[in-house]
Amino acid sequence: MSSRLFLTLAAAAVALSACGPAKAPAGVSLSWAYIDAPKQPLPEAPPGPLHVPGSKLTFTGEQINKGDIQVDWFPDEHPKPPAVIVQARKDGPDACAECHMVTGQGYIGTPNLAGLPAAYIVQQVEEFRSGRRASWEHDRPATHEIIEVAKKVSDEELAQAAAYFSALPKLPRYRVVEATQAPATHPNYYGWFELTPGAPPQLTGPRVIEVADDFDRMMLGDPHAGVTAYAAPGAIARGEALVKAGGHNGQPCAACHGADLRGMGDTPALAGRSAAYLARMLWDIKTGARAGPAVTSMQAPTAHLNEADIADVVAYLASLPPARPAPSASGADKEVAP
Ligand code: HEC
Ligand code: HEC
């Protein structure tokens, strides 16, 4: 991730630090999804040549910190991006890749756009621009940033960005581990968890603790860097039951999101996406922070969900493979490799 992003985000965090986070209703915290970030400057990339496993390319910390390039470690794995993805425009939006990566997957606090329907991408940016899509945590710096982008991006740039992101392959990134304990974490910089080596483990419970396996690799924009989501024992099976039963109107999630939950028509995919992001969206929609006509069909499915249900549902969704299995040379089914 370019340090230009670090600096933009730090400035937003400082500017907004006067307002506190939204007050949760009694019994609800969702602090594992709306992670309260310390308001502190974000670090720069270390100086000198930098590498990530499997890439022959080198970027220097100086290049990254200057912020005028978007790192692209595996240019052969995706089509050539249009300018809006990789270049900030004067008086225009920041480069989409700065926050969503050139592969569309996003960092930890930003959603994966790879393979989402183009019409959905356009419509969501229009919702941010119109003010109908906001965050329940009303001063969430990350949401504030995409709202600024949405106000500055031209319709033509947006159409190009949507066409690019929607054509990208959906890559697996998440591993869901059910356990009573998870490694110790602390919130880092911008609302992400980072591992705290040496500290005693924490209890899981009715929440999902999502953490980059290697925070530095993630920060460098390595699209192959993995993320582990720790959930309570039984969460995946309980989540599966809720997803299959559907909302209080009895309509299963698959009726609109597709049989494999990998998206259908213009309805977005849920399979193999970030548990923390999906949890925020379910709560944003349930509470009306993400509102407007486009999201009406999601009101019944979210109305009955409490925090523990949301943790179960998103543990299940994150555990699903994001893409169709590709037939391997031996004829046996194999998931599309990262
Ligand atoms: C400075 C960071 C930043 C930049 C630059 C940025 N985004 Fe985002 N984007 C975000 C964040 C953060 C969210 C999630 C907001 C939330 O969780 O409330 C988001 C959400 C989205 C979503 C909604 C995804 C979904 O699944 O509903 C779309 C679509 C999107 N961005 C498109 C774009 C496009 C197109 C560009 C470039 C023109 C762009 N973004 C540039 C930070 C950014
Ligand atoms: C009647 C159709 C319908 C059903 C049933 C439905 N959804 Fe949705 N869902 C949608 C639509 C349409 C959107 C996109 C909303 C928008 O455009 O803002 C959406 C969006 C979402 C999002 C936000 C995704 C993103 O990228 O930001 C999540 C999360 C979600 N649904 C989860 C669920 C879950 C979990 C269930 C079952 C409990 C469910 N949905 C059932 C139609 C449905």
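Since every read-out is calculated from the coordinates, none of them should be taken as a lab result. Quick caveat, the model's predicted, so the values are computed rather than measured. Every residue, glycine among them, receives a Cβ derived from its backbone with ideal geometry; neighbour counts consider all protein chains shown.
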Quick one, what does Rg over Rh come out to for region 130-235 if you take C-alpha atoms and the Kirkwood Rh? 1.05
Could you let me know the centre-to-centre spacing of region 198-227 and region 26-81, using Cα atoms, in angstrom? 14
Normalised by the number of residues in the chain, what is the relative contact order in percent for Cα pairs under 8 Å and 6+ residues apart? 19
From the phi of every residue in region 54-67, what ³J(HN,Hα) in whole Hz does the Karplus formula 6.51 cos²θ - 1.76 cosθ + 1.60 yield, where θ is phi - 60° and glycine or proline is x? x, 10, 7, 7, 10, 10, 9, x, 4, 4, 5, 5, 5, x
For region 174-334, give the magnitude of the charge dipole about the Cα centre (Cβ charges: +1 Lys/Arg, -1 Asp/Glu; no others), in debye to the nearest 20. 320
What dipole magnitude, in Debye to the nearest 20, does the chain give about its Cα centre under +1 on Lys/Arg Cβ and -1 on Asp/Glu Cβ? 440
Sort Cys253, Cys96 so the one with the fewest other Cβ atoms within 10 Å of its own Cβ comes first. Cys253, Cys96
Beta carbons within 10 angstrom, averaged per residue: use that to sort the peptides 284-295, 239-250, highest first. 284-295, 239-250
Using bins 10 angstrom wide from zero, how does P(r) for the chain break down, in % of all Cα pairs? 6, 25, 37, 25, 7, 0
Assign unit charges at the C-beta atoms only (+1 for Lys and Arg, -1 for Asp and Glu), then state the dipole size of region 175-262 relative to its Cα centre in Debye, rounded to the nearest 20. 360
Out of every Cα pair in region 72-115, what percent are spaced more than 12 Å from each other? 60
7 Å from Cα along Cα→Cβ at both Thr287 and Lys244: what's the point-to-point distance in nm? 3.2
Over the alpha carbons of region 194-338, what is the largest minus smallest coordinate on each principal axis, giving the biggest first in Å? 45, 44, 29
What list of ³J(HN,Hα) couplings, whole Hz, do you get for region 173-190 from phi and the Karplus terms 6.51, -1.76, 1.60, once you set θ to phi - 60° and write x for glycine and proline? 9, 9, 10, 9, 10, 8, 6, 6, 10, 10, x, 5, 9, 9, x, 10, 6, 9
If the reach is capped at under 29 angstrom between alpha carbons, list the lysines near Lys56, excluding any in the same chain fewer than eight residues apart. Lys66, Lys80, Lys170, Lys334
Protection-proxy order for peptides 257-268, 309-320, each taking the mean of Cβ atoms within 10 Å per residue, highest first: 309-320, 257-268
